[in-house]
Amino acid sequence: MSSGANKIIEPGTHFLMGNEACALGAVVAGCKFFAFYPITPANEIAEYMSVLLPKVKGIYIQMEDEISSIASVIGASWAGRKAMTATSGPGFTLMQENIGYAVATETPCVIVDVQRCGPSTGTPPLPMQGDVYQAKYGSHSEYPIIALAPSSVKEMFTLTIESFNLAEKYRTPVILLSDALVGHLMETFEIPDLSQIEIVERKKPDKETSDAKYFLDEDVAPMPVFGCGYKAHVTGSTHDEKGLRNVEDPVYVDKVVRALHRKIEKHKENIVKVETKFLDDAEIALLTYGSVARTAIHVVNQARKTGIKVGIIRLITLWPFPDVQVQSAARKTGRIVVMENNLGQVVNKVSEVAAKYADVKFLPPRIIGSLHEPEYVINFLKEVY
Amino acid sequence: MDQKHVHPLLVKYARIGAYKQPHCPGCGNGIVAQCMLRAIDELKLDMDKIVFASGIGCSSWIPSPLFNADVLHTTHGRSLAFATGVKLSNPELRVVVFTGDGDSAAIGGNHLIQAARKNIEILTVLVNNRIYGMTGGQVAPTTPHGVKTKTTPYGNLEYPFDLCKLVEAAGASYVARWTTFHTRQLVSSMKKGLLKKGFSFIEVISQCPVQYGTFVGIRDPAEMLHIFRKISVPFEKAKNMSREELEGKIVIGEFVDIERTGLAEAYQRLLEMMNL
Ligand SMILES: Cc1ncc(C[n+]2csc(CCOP(=O)(O)OP(=O)(O)O)c2C)c(N)n1
Ligand code: SF4
Ligand SMILES: [Mg+2]
């Protein structure tokens, strides 16, 4: 299905809100189905999608809750459409069971979580990075996931496209872990000529194959489309390569769990992205991601002027965790300061992989849910320098 | 397996390697499965253009993996939401949902109501065995008042749902109830539902000899079918009966059969209009 995006999206400079850029990115990626349940601070994505999608023969539907939103997205994906949903913390929690289903059934789809503050209802319009673990561990049992963290309006556009590409390539749900700051931020950004943007389409099975293996291939099995005669059997129960349920033999549990993990682990090098700056001569590395990276970049420039040799490593991919890249930054600098807007999530992972190479320190904002003040960060850097 | 001993409908419609049914002997799910295959056969529908979705429960195993078509066996209670995504995405496909009373009257209750309200073109077959079969016989929102189950050892204090009334009030285009005794009527209803251009709902009161049967002391499936026949009252007749007279009866028949544009078709019209 052609995206049809060039009919409605002009290349050039755009001045938009992060959530709107996300909607544009989705359309450019070829998204043709979007389901939603209203929630702050993700509403603008849906509002824009409801305008855009019908113009490109796409479907927007408001469902009765977030459980059914992700469920209908998975159904749409099996019917051959690129599909997405968006939400924030409370809705993300409701989606978890079916996110696990999407992982187990190897269903490509994109879930945007515009994170907000606090457990429970919290403070809806304020940003926080509280869902990093939920993105990886929110659904039951063990499973791999891909999660990306945009830092700007531009990245709400580019990483939404990247999310679709990864989802289609690896037949997996991909989580775009944004937050209220990036979602509601307004910035200018460039949309290039659409023909220059790489768009990945899922691999479909060769029709002639009689011994249809549509699941559990670490190099990603081709995915049937409903209604084309593949007679696909899709189940969240433990299954074999043909998708047929086998809940008698524990060997199949082992097979499914390992195959799903290997599919992502094996291709990690191609999935994981980080951005580094000033690391070559740095004696300390600021490690950060998402909205907080904006402050960090500012701080690094300031601190360097005062003689602190600080560099930055910004995680674009949060899951699978960029351990090789983090270890390399740790080896180079010997000191890592992890900045995130929570009481310590990514920092635990950093300690796990890099503590033997570097001294790992954690710096939350003074007030959770607010930005790190540059001065507060610089003072901290001076202390540990 | 030697095809001589296999039912001709299975030879024609069963997935290779899936002849063996997962249900207990005498379970009503086999009857419901056969009625659906018969309806499809009589209408000469192409199985490649039907998607079967189901949730979790014994009843959700009716199409999964038996039916040789695209089958989406989903999470508990959510099959209608998954099916909504399938139908909207490709309106040319017929979408049929198999679900249970726990699946769609308890955990998925809101999806049932909303799917009926949206009038999305899906045929839903809800197998009501008045119990949670798969998990071992716990009380369901359909268990009659007073009945003892695994989790109502002193008798059920609550009252059961009238699911047909619920779905009718929510806006479905076709609503019917039969029992596993009324197979001819069930096949005929399924045929209507398969062709309907709106939300269709068929409740099948079914026997679970293993769980429900144990609690009510009737373990013989044939006896259960016999009782279904005895206590069933046609809708037309029930209209003139009092609440007391209807106590313990099963009202059967077609309750709703109307024409109203379904959501997938409405959406297609919008897309055509916007992309002239
Ligand atoms: C979220 C969730 N909760 C609970 C269960 C356990 N469970 C499996 S089947 C079932 C009940 C099914 O009852 P019903 O829909 O009536 O189907 P039946 O087995 O009676 O046909 C339950 C509660 C589950 N699979 N998922
Ligand atoms: S437990 Fe009951 S409903 Fe489930 S398969 Fe056995 S008889 Fe049928
Ligand atoms: Mg039941």
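Things worth noting here:
- Those helices (runs of 4 or more DSSP H) of segment A:26-132 in which 3 or more residues are in contact (Cβ under 8 Å) with a residue 24 or more places away in the chain and of a type in the set (S, T, N, Q) occupy A:66-78, A:89-104.
- Residues located in segment B:11-29, provided they are more than 14 Å from every other protein chain (Cβ to nearest Cβ) and open to solvent by 40 Å² or more (accessible area, probe 1.4 Å): B:Val11, B:Cys24, B:Pro25
- Residues that are within 15 Å of ligand 3 (Cβ to nearest atom) and not in a helix (DSSP H, G or I), drawn from segment B:17-35: B:Pro22, B:His23, B:Cys24, B:Cys27
Every residue, every condition in (1) surrounded by 21 or more Cβ atoms within 10 Å (Cβ to Cβ); (2) of a type in the set (Gly, Ala, Ser), yes or no:
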site: A:Arg314; (1), (2): yes, no
site: A:Ser328; (1), (2): no, yes
site: A:Glu340; (1), (2): yes, no
site: A:Asn348; (1), (2): no, no
site: A:Val353; (1), (2): no, no
site: A:Lys356; (1), (2): no, no
site: A:Pro365; (1), (2): no, no
site: A:Glu375; (1), (2): no, no
site: A:Glu383; (1), (2): no, no
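- Test: residue in segment B:38-56 that is under 22 Å from B:Tyr132 (Cβ atoms), touching a residue at least 40 places away in the same chain (Cβ under 8 Å), open to solvent by 10 Å² or more (accessible area, probe 1.4 Å) and within 13 Å of another protein chain (Cβ to nearest Cβ): yes
- Residue count for segment B:109-135, restricted to those that are within 16 Å of ligand 2 (Cβ to nearest atom) and open to solvent by 10 Å² or more (accessible area, probe 1.4 Å): 6
- Here the strands (runs of 3 or more DSSP E) wholly within segment B:167-276 that include at least 2 residues being touching a helix residue (DSSP H, G or I) at 6+ places or on another chain (Cβ under 8 Å) are B:174-179, B:200-205, B:250-257.
- Of the candidates A:Lys231, A:Lys255, A:Lys263, A:Lys213, the single residue that is surrounded by fewer than 17 Cβ atoms within 10 Å (Cβ to Cβ) and either over 25 Å from the mean Cα position of the chain (by Cα) or of a type outside the set (A, V, I, L, M, F, W, C) (or both) is A:Lys213.
- Residue check, A:Gly243 part of a loop (DSSP other than H, G, I, E, B) and surrounded by 16 or more Cβ atoms within 10 Å (Cβ to Cβ): yes
- Residue count for segment B:63-87, restricted to those that are open to solvent by 10 Å² or more (accessible area, probe 1.4 Å), within 16 Å of ligand 2 (Cβ to nearest atom) and in contact (Cβ under 8 Å) with a residue 40 or more places away in the chain: 1
- Taken together, A:Ser88, A:Ser77 contain a single residue that is buried (at least 18 other Cβ atoms within 10 Å of the Cβ), under 24 Å from A:Thr123 (Cα atoms), of a type in the set (S, T, N, Q) and at pLDDT 95 or above, which is A:Ser88.
- Checked against the criterion of being more than 16 Å from ligand 3 (Cβ to nearest atom), modelled with pLDDT of 95 or more, under 20 Å from B:Ile40 (Cβ atoms) and loosely packed, with under 14 Cβ neighbours inside 10 Å, segment B:224-237 has no qualifying residue.
- Hey, B:Ala169 modelled with pLDDT of 95 or more, within 16 Å of ligand 2 (Cβ to nearest atom) and not polar (S, T, N, Q) or not: no
- Residue within segment B:96-108 that is under 18 Å from B:His23 (Cα atoms), hydrophobic (A, V, I, L, M, F, W, C), open to solvent by 10 Å² or more (accessible area, probe 1.4 Å) and touching a helix residue (DSSP H, G or I) at 6+ places or on another chain (Cβ under 9 Å) present: no
The values are calculated or read from the model by the stated rules, or taken from the named source; none is laboratory data. Note that the structure is a prediction, hence the values are computed from the model and not measured. Because the Cβ atoms are built from the backbone with ideal geometry, glycine has one as well, and the counts that use them run over all protein chains shown. Ligands, DNA and RNA are stripped out before the accessible areas are found, and what is left, the full protein with its side chains, is counted by its heavy atoms. Shrake-Rupley method; radii C 1.70, N 1.55, O 1.52, S 1.80 Å.
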